[in-house]
Each structure stands twice: as C-alpha cells, then as structure tokens.
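In what follows, a single structure is set out as structure tokens and then discussed.
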Amino acid sequence: MNSTWRVIVFLIILWRICYNNNLLVHGCPLECICLSQTQVMCNTGALREIPLKTIPVTVEQLSLTKNYFPIIKSDAFGGLRALRKLSLDGNNITTIKPFAFRGLPRLRDLSIQHTPLATVASFAFAGLQNVSQIQLSHNKILRIEGYAFAGAVNIRQIHLADNPTVTIETNAFSSLSNVDRLILPSGIRVIEPDAFYGLETVGYLKLSFMDLASLEPYTFRGLTHVKLLSLQESDLGIIRAGAFEGLVQVELLNILNNKIDAIQELNITAANRIRVLRIQGNHLLETPESGSIVLEGIDTLHVNSNYFPCGCHIHTLLDSPLSNGTYLSHSGAPAGDFLSKNYCISPLEVNGMPMSSIDIYSIGRCLEQVTRENLEAANSVISTMLRGQSWNRWLQWQSEHSKRSQEKTLISSVSSAVRFLAASPIIAIKFLVYLKNFNIKIS
C-alpha cells in the first residue's frame with residue numbers, strides 16, 4: 001500500500017514538472033521569461049513587436065520594457081483579458097493608436113515612461129474601463145489631444161510630470177469622472193478652451209510653471225467637484241474675461257506666486273461655488289479696471305503677499321473686491337489687512353514697500369488730480385478749436401454765398417437791360433447821349 005501511494009505521488013510531481021516545463025518552453029516567447037502562468041517578463045531588449053500570439057492568455061502581470069517596438073497598434077493586447085498590470089517603460093514608442101488597450105477589462109495599472117512618445121493622440125487610452133493609474137512621466141509628450149482618455153471612467157491617477165508638454169487641447173480629459181490626482185508637467189504654453197471639459201470629481205489638480213500668453217475664456221468650463229485647483233509659479237499672461245466661467249464646486253482655488261500681466265476680468269460668482277479663494281504671492285503689472293473684478297459667494301478670501309501697482313489707479317484697486325473692504329480713509333484710519341499684507345510693484349521709488357507704509361491716498365489724489373486736470377484742459381482746448389473752426393467755416397460760407405448772390409443779381413440786371421435796349425433803338429440812342437452828358441465811362 002505504501003508503495004502504491006509513493007507511485008501516485010511520484011506521478012503527480014512528474015505531471016506538475018511536465019506542465020510547468022510545457023508552459024516555460026512551448027507557451028512562452030523565446031525572448032521572455034515566464035515566471036508562472038500569470039507573470040511574464042520580456043525585458044531583453046530584443047523585441048521589435050509585441051509577441052501577442054505566444055504570451056499566455058492567463059498572464060496577469062506583463063513587463064515589456066527596454067525593447068524596440070515603435071508603435072502600439074489598436075487592440076495590441078486583445079485576448080489578454082486576465083491582465084492586471086502592464087509595463088511598457090523604456091521602449092522606442094512614438095505612436096499609440098486609438099483603442100490600443102481595448103479588451104483589457106481587468107487592467108488596473110499601466111506604465112509608459114522613458115519613451116520618445118510625443119503625442120497622446122485622440123482615443124489612445126479609450127476603453128480602459130477599470131484602470132486606476134496611468135504613469136506617463138518622463139516621456140517627450142508635447143500635445144494631449146481631445147478625447148485621449150475617452151471612456152476611461154475609473155482612472156484615479158494620471159502622472160504626466162517631466163514632459164515638455166506645450167498644448168492641452170479641447171476635451172483632452174473628457175470622460176474622466178473620478179480622478180484623485182492629475183499631475184501635469186511644467187512648461188505648458190497653451191491651454192485651449194474647454195481643455196478640462198467633462199473632468200468631474202477631481203481631488204487634486206495642479207498647474208505649475210506654465211508660460212501662457214493668456215488664460216483664455218472657458219479654460220476651466222466643465223471642470224466640477226474639485227477639492228484643490230492650484231495655479232502656481234507660472235506666467236499667466238492676461239486673465240481673459242470668462243476664464244473661470246463654468247468652473248463649479250471647488251473647495252480651494254489657489255492662485256499662487258504667478259506673474260500676471262493684466263486682469264481683463266476675474267468674475268467669480270455664487271454659481272461657481274468656490275468655498276476658499278487664496279490669491280498669494282502674485283505680481284500684477286497693471287491695475288484692473290473698475291468693475292472688472294467680481295468675487296461673490298466665496299466663504300473665505302485670502303489676498304496677501306502680492307505686489308500691485310501703486311500709481312494713479314490705486315483707488316480702483318482699493319475699491320475692488322480684492323481689497324476685501326479695506327481702504328485708507330481721509331482721516332488716516334489704520335490700514336487693514338490688505339494694505340499691511342501686500343506690497344507695491346510700481347512706481348520704482350516704492351517698489352517692494354508695504355502698501356501700508358506709504359501715503360496711498362495722497363499719492364492717488366495727486367496723480368488723479370493731475371490726470372483729471374490734463375484731460376479737462378485737453379478737452380477744453382479741443383472743444384474751443386472745434387467751435388472756432390466751425391464759426392470760421394460758417395463765416396466763409398456766408399461771405400461766399402453773399403458774393404455769389406450779388407453776382408447773379410448783377411448778371412441778371414445787365415442781361416435784362418441789354419435785351420430792353422436791343423428791342424428799342426431810339427431809347428438806346430437817347431441813353432447813350434445821356435451817359436455822354438454825364439461823362440460816364442463804361443469799362
């Protein structure tokens with residue numbers, strides 16, 4: 001009996017060895033190592049294309065790193081329905097075709113890093129139903145096209161750091177509805193309108209070290225339910241009218257340490273539902289025009305450590321919602337938080353000085369008065385000149401009109417006299433004698 005059991009155990013062990021040997025030799029690409037029926041590594045650097053036909057369909061973890069295939073074709077991994085983790089780091093990838101990762105219902109983690117990939121094309125990552133994390137750092141990505149992640153509704157994190165990204169196109173992140181962290185690269189130069197449209201329920205969205213000509217209208221339209229949106233350490237150029245229109249339900253909006261050429265309009269209302277707005281450490285080169293800033297429905301507003309122009313338009317700034325009700329009065333009342341916590345960027349003689357340390361009302365009044373007097377004087381001179389020119393033109397017209405009337409009357413009279421004399425010769429002879437007697441000379 002013991003010998004019988006020994007034979008049975010021996011046969012089972014032999015079967016397992018043969019099964020594993022068959023998996024390793026006949027069910028595994030030659031360039032790869034199949035550690036098990038669920039884990040395959042192809043990191044030899046010899047692959048020119050993805051060996052889909054020879055990869056075990058039971059694979060759950062697949063590493064295809066440091067190879068030489070330049071294109072990820074559509075449905076490149078079709079049939080590997082058990083795949084949970086896929087690494088494509090260090091390959092010579094330049095193109096990802098639409099729906100490249102379709103048919104991977106269990107895929108959770110996808111990594112494509114350290115490649116020459118320059119464009120995240122439309123629908124490249126479409127159909128990734130259950131992926132929770134995509135690593136796209138350390139590539140050469142210049143553009144993120146519209147609908148690149150269409151249908152990838154369960155992505156929690158997208159890492160795009162350390163890419164030379166220049167443009168984020170309209171609808172680039174459409175369909176992403178549950179992103180915890182979206183980390184974008186430095187150096188972005190263009191964010192097209194509606195770039196974040198359809199991006200819902202975002203935990204953390206950071207935009208830093210950008211070099212924008214302007215923050216265009218509807219940049220953030222369709223971006224909703226955001227815990228933290230931060231625009232920081234960037235050149236924002238001109239903040240255009242409607243830049244924040246359509247941005248809804250934000251816990252904290254940070255505008256930190258940026259250079260802002262001008263604010264054409266900053267209109268945040270109760271419809272935006274922004275709970276906390278922090279404007280800190282920015283350098284604003286031009287004072288916003290009166291009425292261009294509207295801040296309503298905000299629970300908490302922090303405006304500190306910014307640098308503002310302290311020239312003749314300073315009162316416009318102090319009257320705006322940015323000052324949060326703080327104004328230096330005629331009577332010299334103490335400066336509020338806005339004046340004590342913000343600084344002057346111009347004129348040169350007050351650059352870097354706290355706004356509370358200078359006589360803002362005096363400077364503003366002086367410069368405003370000079371400007372107003374100059375404008376009034378200029379308007380008066382122009383008005384006088386226009387009135388004088390009009391009167392002179394009228395007199396000239398009146399003189400010319402009178403002269404023309406006299407000439408017409410004289411011509412008419414002479415013509416009538418000539419016709420009368422021609423019709424009566426005797427009277428004409430008498431008229432000539434009469435003229436001669438009075439020595440009238442006709443010239």
Provide the solvent-accessible area of Tyr343, counting protein heavy atoms only and rolling a 1.4 Å probe, rounded to the nearest 10 Å². 60 Å²
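Any chance you could tell me what percent of the C-alpha pair distances in the stretch 51-177 go past 17 Å? Write down the numbers at each step before the final one.
Values: 4306 of 8001 pairs.
Cα-Cα pairs of the stretch 51-177 separated by over 17 Å account for 54 percent.
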Projected onto the charge dipole of the stretch 61-364 (+1 at Lys/Arg Cβ, -1 at Asp/Glu Cβ, origin at the Cα centre), which of Leu322, Leu223, Val276 gives the Cα projection farthest towards the positive end? Leu223
What figure, in Å² to the nearest 10, do you get for the accessible area of Met353 with a 1.4 Å probe and non-protein molecules left out? 60 Å²
Using only the alpha carbons, work out the radius of gyration and Dmax of the stretch 228-356 in angstrom. 14.2, 43
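Estimate the FRET efficiency between Lys206 and Ser290 by the formula 1/(1 + (r/R0)^6), using the beta-carbon distance for r and 51 Å for R0, to the nearest 0.05. Let's see the in-between values first.
Values: r = 33 Å, r/R0 = 0.64.
Plugging the Cβ-Cβ distance into 1/(1 + (r/R0)^6) gives 0.95.
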So what does Asp319 come to for accessible area, using a 1.4 Å probe and Å² rounded to 10? 120 Å²
Residue (of Phe244, Gln264, Ile93) at the positive-pole extreme of the stretch 61-364, dipole from beta-carbon charges: Ile93
So what are the ³J(HN,Hα) numbers for the stretch 270-276, from phi and the Karplus equation (6.51, -1.76, 1.60; θ = phi - 60°), rounded to whole Hz, Gly and Pro as x? 4, 5, 6, 6, 9, 7, 10
Average silhouette area of the stretch 61-364, convex hull of alpha-carbon atoms, in square nanometres: 15.4 nm²
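The values are calculated or read from the model by the stated rules, or taken from the named source; none is laboratory data. Just so it is clear, the structure is predicted and the values come from calculations on it, not from any experiment. Ideal geometry is used to build each Cβ from the backbone, glycine not excepted, and the neighbour counts take in all protein chains shown. Calculation scope for accessible area: heavy atoms of the full protein, side chains included, ligands and nucleic acids excluded. Shrake-Rupley method; radii C 1.70, N 1.55, O 1.52, S 1.80 Å.
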